[in-house]
Amino acid sequence: LSLLYNTRKQLNTPPQSPDLNPIEHIWSEVERRLRRRRYKNREELKTALVEIWGTIGEEVTSNLIDSMKRRLEAVIAAKGGPTKY
């Protein structure tokens, strides 16, 4: 860690792209499912959130993992800029 702060050369880090963060896409799926209902209070919303989170199945996560190569290629092609993801 001290090397990081004591180096003379600037470290090049990859872009912080939400396109490459799978949790962003899981939250998007949760949000879509949440918006299908109306909630009277925070407790109903919290209960629904926990329920929905528990129903995110293997298919959703597998599709996300399978899409990572395409996502990486899209970010590289966009030179770190926005992509369709």
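The values are calculated or read from the model by the stated rules, or taken from the named source; none is laboratory data. What you see is a predicted model, and the numbers here were worked out from it, not measured in a lab. Reconstructed Cβ throughout: ideal geometry from the backbone, glycine too, with neighbour counts over all protein chains shown. Quick note on the areas: whole protein, heavy atoms, side chains included, nothing else; ligands and nucleic acids left out. Shrake-Rupley method; radii C 1.70, N 1.55, O 1.52, S 1.80 Å.
Note on the stretch 19-71: dipole from Cβ charges, positive end direction compared against Gly57, Ser67, Asn41; the farthest Cα belongs to Asn41. Each residue, Leu34 and Leu20, gets one label point 7 Å from its Cα in the Cβ direction; the gap between the two is 2.7 nm. Under a plain spin-label model, where a point goes 7 Å from the Cα along Cα-to-Cβ, how far apart in nm are Ser62 and Thr47? With each label placed 7 Å out from Cα toward Cβ, I get 3.2 nm.
When nucleic acids and ligands are ignored and a 1.4 Å probe is applied, Thr47 ends up with an accessible area of around 90 Å². When Arg38, Arg71, Arg32 are compared by accessible area at a 1.4 angstrom probe, the order from most to least is Arg38, Arg32, Arg71.
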